[in-house]
Amino acid sequence: MVNPRLILVLGDQLTETISALSAADKSRDIVVMAEVMAEGTSTAHHPQKIAMILTAMRKFSVHLRGQGWHVAYSKLDDVENTQSIGGELLRYAAQHGAGSVIATRCGEWRLHAELAGLALPINILEDNRFICSEAEFLAWADGRREWRMEYFYREMRRKTGLLMVGDQPVGGRWNFDAENRKPAGSDLLRPRPPRFEPCSITREVLKLVSEKFNHFGSLDDFGWATDRDQAIQVLDHFIAHVLARFGAEQDAMLRDDPTLSHALISPYLNIGLLLPLEVCRRAETAPAPIEAVEGFIRQILGWREYMRGIYMRQGPDYMSKNVLDAARSLPAAYWGGPTKMACMAAAIGQTKQTAYAHHIQRLMVTGNFALLAGISPQEVHHWYLSVYIDAFEWVEAPNVLGMSQFADGGIIASKPYVSSGAYINRMSDYCGSCAYKVGQKTGDGACPFNALYWDFLDRHRARFSRNARMGQMYRTWDKLTPEHRATVLQDAVKILARLDRGDVV
Ligand code: FAD
Ligand code: DLZ
Ligand code: SF4
């Protein structure tokens with residue numbers, strides 16, 4: 001009899017057609033799925049994220065058994081659990097006389113190193129769920145000086161035929177963003193994303209997570225999908241009722257409507273319950289205007305694939321990038337400490353409660369503030385990796401270190417995403433209820449984003465003033481009187497000193 005092989009399926013690899021399972025033999029091999037403390041604590045993940053992953057793992061293991069697979073499953077509280085992925089593979093190998101492991105490439109360099117160094121032969125296969133393979137991305141990137149997402153996206157449109165008529169983009173344009181990104185008003189009729197009552201498996205996991213993890217984040221009101229059928233319901237609902245409004249409302253922020261017209265599918269895409277190509281194909285034929293459909297498909301076919309390509313191309317060193325030498329500690333407000341800034345309180349409060357914030361809240365509120373205040377990008381990276389339901393290093397790190405914090409020196413973003421309070425005021429309803437005045441430029445009651453914005457530009461003049469996309473910002477700054485500029489910079493010094501002292505800002 002031939003020795004069985006162990007087939008590793010991680011908590012974010014819950015896809016029946018994933019490469020490791022496709023390469024396996026049902027009659028011979030053993031699928032290993034392991035809930036382990038090492039994965040739950042390597043980062044202080046939001047309890048809802050841990051609960052979603054463990055529940056989805058349990059349900060997926062039941063599904064695989066139903067398909068005839070032999071699954072060796074470790075629950076977190078099993079007494080013999082070694083509490084690490086490597087440890088569980090070695091334990092099951094000894095138990096079943098398995099001589100080797102087949103795995104799919106994982107999404108974090110830390111775990112990749114652990115698996116690559118396993119004391120068992122391991123065959124690590126490419127993650128076949130991405131639309132763009134690693135080799136394809138490298139071929140695209142290595143042939144050019146700048147890696148702009150827009151050009152990569154066009155290649156992906158051509159490759160998949162999505163929104164194409166022959167070799168031309170549908171509607172004659174690649175990008176319809178000029179019609180998108182408007183502010184939004186409250187609307188009681190805006191469709192709400194589906195939520196799911198916890199079943200007995202979910203309830204058991206919620207109890208376990210509440211006993212074992214004391215991380216930032218609430219477990220109340222857990223309503224995430226935890227299997228493919230539920231994830232498809234979320235997608236169906238979005239395509240039928242929400243997508244048409246996606247483009248216009250994509251950048252808007254409302255205090256009482258944290259999800260607006262977003263899809264809320266990133267956790268399911270990232271753990272494998274939905275596949276990116278199926279989502280794009282569904283959107284392509286949806287009853288929605290082209291600007292909404294194109295804008296949505298660009299996020300997945302463009303941004304998501306591009307971020308993954310950059311992550312693989314840059315390697316583990318990317319995680320320590322800090323070209324702006326930002327060194328300040330992350331303020332306690334990010335972990336739920338008090339803040340007088342209504343926008344920060346809304347984005348962080350919602351994150352604590354639901355493990356979700358949409359793109360503009362992440363980029364232009366919490367990310368913008370951290371960048372302007374010169375917070376260590378590594379601390380910012382760990383925060384985002386911890387607190388969001390969809391955060392896995394391969395997608396979180398390029399978004400945070402590259403797009404949001406400019407720590408990579410412009411590999412991803414052609415200019416830093418910074419703004420004063422005016423942008424947040426235009427795109428949200430936060431400022432009306434804030435202790436600060438967004439229209440006030442200087443003085444104690446002025447919106448902190450205002451002084452910090454100019455201070456950031458002034459501090460980094462040598463790097464950014466020749467950037468064609470930033471010239472206008474510097475011209476505006478230079479037109480202010482020397483006295484006004486000095487007052488603004490003094491105000492910024494005071495705000496930063498308050499942050500350093502741990503005072504409430
Ligand atoms: P929608 O707004 O409805 O968009 C649809 C889909 O497009 C998303 O589900 C997602 O799969 C994809 N998408 C959109 N923008 C991006 C992007 N920039 N990169 C990759 N995919 C994108 N996304 C994650 O999946 N995990 C993260 O850890 C993560 N961290 C982020 C950190 C920062 C600082 C920023 C600015 C963005 C981050 N994003 C991350 C991207 C984006 O914010 C989320 O994908 C999105 O908010 C998920 O919610 P949704 O499904 O409602 O998305
Ligand atoms: C995030 C996570 C958590 C919290 N727990 C587990 C787990 O117990 N078992 C598991 O296989 N995977 C878990 N994961 C997902 C992994 O951390 C993820 O596969 C890596 O970070 C690579 O993306
Ligand atoms: Fe945020 Fe400034 Fe508006 Fe207050 S005034 S909500 S700090 S942008």
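Here Ala116 meets each of (1) surrounded by 15 or more Cβ atoms within 10 Å (Cβ to Cβ); (2) under 26 Å from the mean Cα position of the chain (by Cα); (3) among the hydrophobic types (A, V, I, L, M, F, W, C) with one exception, condition (1).
Pairing each residue of the range 321-334 that is more than 14 Å from Val387 (Cβ to Cβ) with any residue that is at pLDDT 95 or above and surrounded by fewer than 16 Cβ atoms within 10 Å (Cβ to Cβ), provided the two are 6+ apart or on different chains, yields C-beta distances under 6 Å for Val323/Gly409.
Residues that are among the β-branched types (Val, Ile, Thr) and within 16 Å of ligand 2 (Cβ to nearest atom): does the range 380-389 have at least one? For the range 380-389, residues among the β-branched types (Val, Ile, Thr) and within 16 Å of ligand 2 (Cβ to nearest atom): present.
Of all the listed residues (Ala44, Ala24, Ala38, Ala20), the sole one being over 24 Å from the mean Cα position of the chain (by Cα), surrounded by fewer than 22 Cβ atoms within 10 Å (Cβ to Cβ) and either within 16 Å of ligand 1 (Cβ to nearest atom) or of a type in the set (A, V, I, L, M) (or both) is Ala24. Being in contact with a His (Cβ under 9 Å, 6 or more places away or on another chain), more than 24 Å from Ser266 (Cβ to Cβ) and away from ligand 2 (no atom under 13 Å from the Cβ), is that true of even one residue in the range 30-42? Within the range 30-42, one or more residues are in contact with a His (Cβ under 9 Å, 6 or more places away or on another chain), more than 24 Å from Ser266 (Cβ to Cβ) and away from ligand 2 (no atom under 13 Å from the Cβ). The conditions of being away from ligand 1 (no atom under 13 Å from the Cβ), of a type outside the set (A, V, I, L, M, F, W, C) and surrounded by fewer than 19 Cβ atoms within 10 Å (Cβ to Cβ) are met by Pro316.
It is to be established whether one or more residues within the range 270-280 are more than 30 Å from Arg459 (Cβ to Cβ) and acidic (Asp, Glu).
So far as the range 270-280 goes, yes, one or more of its residues are more than 30 Å from Arg459 (Cβ to Cβ) and acidic (Asp, Glu).
Against the condition within 13 Å of ligand 3 (Cβ to nearest atom) and outside any helix (DSSP H, G or I), how does Thr339 come out, does it pass? Against the criterion (within 13 Å of ligand 3 (Cβ to nearest atom) and outside any helix (DSSP H, G or I)), Thr339 qualifies.
Look at the range 461-484: where a residue is at positive phi and touching a residue at least 24 places away in the same chain (Cβ under 8 Å), no partner that is surrounded by fewer than 10 Cβ atoms within 10 Å (Cβ to Cβ) and polar (S, T, N, Q) sits 6+ places away or on another chain with Cβ atoms under 9 Å.
Conditions tested, residue by residue: (1) under 16 Å from Met319 (Cβ atoms); (2) in contact with a helix residue (DSSP H, G or I) (Cβ under 6 Å, 6 or more places away or on another chain); (3) free of Cβ contacts under 8 Å to residues at least 12 places away in the same chain.
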| site | (1), (2), (3) |
| --- | --- |
| Gly367 | no, yes, no |
| Glu379 | yes, no, no |
| Tyr384 | yes, yes, no |
| Trp394 | yes, yes, no |
| Ala413 | no, yes, yes |
| Ser428 | no, no, no |
| Asp444 | no, no, yes |
| Leu452 | no, yes, no |
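Do we have any residue at all in the range 134-148 that's of a type outside the set (Val, Ile, Thr) and closer than 27 Å to Glu39 by Cα? Within the range 134-148, one or more residues are of a type outside the set (Val, Ile, Thr) and closer than 27 Å to Glu39 by Cα. Where helices (runs of 4 or more DSSP H) sit wholly within the range 1-119, those with at least 3 residues that are out of contact with any Pro (no Cβ under 6 Å at 6 or more places or on another chain) and closer than 27 Å to Glu134 by Cβ occupy 19-22, 47-66, 85-96, 109-116.
Residues of the range 375-410 that are more than 23 Å from Ile271 (Cβ to Cβ) and surrounded by 20 or more Cβ atoms within 10 Å (Cβ to Cβ): Ile375, Pro377, Val380, Gln405, Phe406, Ala407, Asp408. Checking the condition of a type outside the set (Asp, Glu) and closer than 13 Å to Met52 by Cβ, which residue from Leu163, Leu189, Leu206 passes? Result: Leu206 is the single residue among Leu163, Leu189, Leu206 that is of a type outside the set (Asp, Glu) and closer than 13 Å to Met52 by Cβ. Residue count for the range 430-442, restricted to those that are aliphatic (A, V, I, L, M) and either within 16 Å of ligand 1 (Cβ to nearest atom) or without any contact (Cβ under 8 Å) to a residue 60 or more places away in the chain (or both): 1.
Here is the figure for the range 226-283: residues that are among the acidic types (Asp, Glu) and modelled with pLDDT of 95 or more total 4.
Taken over the range 181-226, the criterion of being in a helix (DSSP H, G or I) and more than 24 Å from Ala263 (Cα to Cα) is satisfied by Ser200, Ile201, Arg203, Glu204, Val205, Leu206, Lys207, Leu208, Val209, Ser210, Glu211, Lys212. If you filter the range 227-244 down to residues that are closer than 16 Å to Arg58 by Cβ and in a helix (DSSP H, G or I), you find that the one that is farthest from the chain's Cα centre (by Cα) is Asp229.
Counting just the residues of the range 440-470 that are in contact with a Gly (Cβ under 8 Å, 6 or more places away or on another chain) and outside any helix (DSSP H, G or I), which one comes out modelled with the highest pLDDT? In this case the residue turns out to be Cys447. The set of residues in the range 122-137 being surrounded by fewer than 14 Cβ atoms within 10 Å (Cβ to Cβ) and either without any contact (Cβ under 8 Å) to a residue 24 or more places away in the chain or not in a loop (DSSP other than H, G, I, E, B) (or both) consists of Asn123, Ala135. When Leu275, Leu363 are screened for being within 16 Å of ligand 3 (Cβ to nearest atom), surrounded by fewer than 22 Cβ atoms within 10 Å (Cβ to Cβ) and within 30 Å of Met164 (Cβ to Cβ), only Leu363 passes.
If you check Ala397, Ala347, Ala422 for being more than 12 Å from ligand 1 (Cβ to nearest atom) and in a helix (DSSP H, G or I), only one passes: Ala422. Screening the range 400-419 for residues that are among the polar types (S, T, N, Q) and at pLDDT 95 or above and picking the one that is nearest to ligand 1 (Cβ to nearest atom) gives Ser404.
The values are calculated or read from the model by the stated rules, or taken from the named source; none is laboratory data. This structure is a prediction, so every number in the text was calculated from the model and none was measured. Please note: Cβ atoms are built from the backbone with ideal geometry, for glycine as well, and neighbour counts cover all protein chains shown.
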